[in-house]
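Q: Pasting a structure below so you can have a look.
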Amino acid sequence: MNLRQMEKTPKIGFELAGIPIQFDVTVMFTTIVTCALVLILAIAAARRRSLVPKGLQNAVEMLIEFTQGIVRSNLEGKTAERFYGFAFTLFLFIFIANQLGLMFNVVAEYHDPIPSLHIEAVHEEGHEAGGGEEHNAYAWWKSPTADINVTISMALAITLVAHFLGIRKSAKHYVSHYFQPYWWMFPIHLVDEVAKPVTHGMRLWANIFAGEILIMVLLRGSWYLTGAPLIVWLAYSVLVGLIQAYVFTVLAMVYMAQKIAYD
């Protein structure tokens, strides 16, 4: 398995006013799977509710309380209550998305190009020139959060919503905070606003992408040498996925609180 397979996925696209637009089929599919799993988990936990929660209901309620704690640490009162559902959904979506690439990997080799999916038949490295058939491998399954476009898009969406909420609550306070504590701090605040979604998204992507790369490296080795490290790394990756879901959710709430929590 070539390491380039992490970024080689089937795509569909079209041109809009001469501008090429592409959509990653693998990412779209695994994102839909993640959304479906979040929905199924929520429905399953709510089907047979009881006053004394147990099993799945108990686990989901603990997660709800956990994410409510994240919101309350940044916002207060009724303002915090408005974000309970958002924080829970965001945390659960990212956690599940982070784990998809740990379950298994689906890679297909193509001897012939498929233009509609932007699949090209490229001679793989390691084959002698002119030897063997030309073919290429494309990944049909990976964690959506292992794609930088997904994480940056989520971070950018959160940033835009935060700005919108800040303007809606108090346009005066929203504008004035760019000039505090001194007016000449305005350019620095602008750089900070641009850096937030970039670092927010890249932190999540880098951790998940690096984890899946290492898994691929270990899978290529001999089971006698890499079997134990692979098992340890898979267990560690589950923890990393949990931590990154927590960090992303915390930062999302911090950024929103900065825009709407005025004295």
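Q: Somewhere in the stretch 169-191, is a residue under 23 Å from VAL238 (Cα atoms) and either surrounded by 15 or more Cβ atoms within 10 Å (Cβ to Cβ) or in contact with a helix residue (DSSP H, G or I) (Cβ under 8 Å, 6 or more places away or on another chain) (or both)? Lay out the reasoning, then the answer.
A: First, the residues of the stretch 169-191 that are under 23 Å from VAL238 (Cα atoms): none.
No: zero hits.
Q: Also: For the stretch 17-38, give me each residue that is under 13 Å from PRO144 (Cα atoms) and not in a strand (DSSP E or B).
A: Hits for the stretch 17-38 are VAL25, THR26, VAL27, MET28, PHE29, THR30, THR31, ILE32, VAL33, THR34, CYS35.
Q: Exactly one condition in (1) under 21 Å from THR9 (Cβ atoms); (2) at pLDDT 90 or above; (3) open to solvent by 70 Å² or more (accessible area, probe 1.4 Å); (4) not aliphatic (A, V, I, L, M) is false for ARG203; which is it?
A: Checking ARG203 against (1) under 21 Å from THR9 (Cβ atoms); (2) at pLDDT 90 or above; (3) open to solvent by 70 Å² or more (accessible area, probe 1.4 Å); (4) not aliphatic (A, V, I, L, M), the one that fails is (1).
Q: Can you spot a residue in the stretch 10-17 that is over 24 Å from TYR255 (Cα atoms), of a type in the set (D, E, K, R) and loosely packed, with under 15 Cβ neighbours inside 10 Å? So that I can check it myself, show each step before the final result.
A: Kept after step one, since they are over 24 Å from TYR255 (Cα atoms), are these residues of the stretch 10-17: 10-17.
Filter once more, keeping what is of a type in the set (D, E, K, R): 11, 15.
Restricting the remaining residues to those that are loosely packed, with under 15 Cβ neighbours inside 10 Å gives 15.
Checked against the condition, which is being over 24 Å from TYR255 (Cα atoms), of a type in the set (D, E, K, R) and loosely packed, with under 15 Cβ neighbours inside 10 Å, the stretch 10-17 yields at least one hit.
Q: Out of all the residues in the stretch 130-143, is one or more in contact with a helix residue (DSSP H, G or I) (Cβ under 9 Å, 6 or more places away or on another chain), surrounded by 14 or more Cβ atoms within 10 Å (Cβ to Cβ), modelled with pLDDT of 85 or more and in a helix (DSSP H, G or I)?
A: no
Q: Which ones in the stretch 50-84 are small (Gly, Ala, Ser) and open to solvent by less than 40 Å² (accessible area, probe 1.4 Å)? Outline the logic, then answer.
A: Pass one, the stretch 50-84, residues small (Gly, Ala, Ser): 50, 55, 59, 69, 73, 77, 80.
GLY69, ALA80 - these are the residues of the stretch 50-84 that are small (Gly, Ala, Ser) and open to solvent by less than 40 Å² (accessible area, probe 1.4 Å).
Q: Further, regarding this structure: Taking the stretch 90-117 as the region of interest, how many residues are within 19 Å of VAL27 (Cβ to Cβ) and either open to solvent by 50 Å² or more (accessible area, probe 1.4 Å) or at pLDDT below 90 (or both)?
A: First, the residues of the stretch 90-117 that are within 19 Å of VAL27 (Cβ to Cβ): 90, 92-108, 110, 114, 116-117.
With the extra rule that they be either open to solvent by 50 Å² or more (accessible area, probe 1.4 Å) or at pLDDT below 90 (or both), the set shrinks to 95, 101-108, 110, 114, 116-117.
So the answer is 13.
Q: If you take the residues in the stretch 224-254 that are surrounded by 15 or more Cβ atoms within 10 Å (Cβ to Cβ) and small (Gly, Ala, Ser), which one is farthest from ALA146 (Cα to Cα)?
A: Residue satisfying both the conditions and the ranking: ALA252.
Q: Any idea how many residues of the stretch 147-162 are touching a residue at least 40 places away in the same chain (Cβ under 8 Å) and surrounded by fewer than 15 Cβ atoms within 10 Å (Cβ to Cβ)?
A: Here is the first cut: in the stretch 147-162, the ones touching a residue at least 40 places away in the same chain (Cβ under 8 Å) are 147-156, 158-159, 161-162.
From the residues that got through so far, the ones that are surrounded by fewer than 15 Cβ atoms within 10 Å (Cβ to Cβ) too are 149, 153.
Selection size over the stretch 147-162: 2.
The values are calculated or read from the model by the stated rules, or taken from the named source; none is laboratory data. Computed from a predicted model, the values in this text were never measured in an experiment. Glycine also receives a Cβ, built like all others from the backbone with ideal geometry; neighbour counts cover every protein chain displayed. Areas reflect the complete protein model, heavy atoms only, side chains present, ligands, DNA and RNA absent. Shrake-Rupley method; radii C 1.70, N 1.55, O 1.52, S 1.80 Å.
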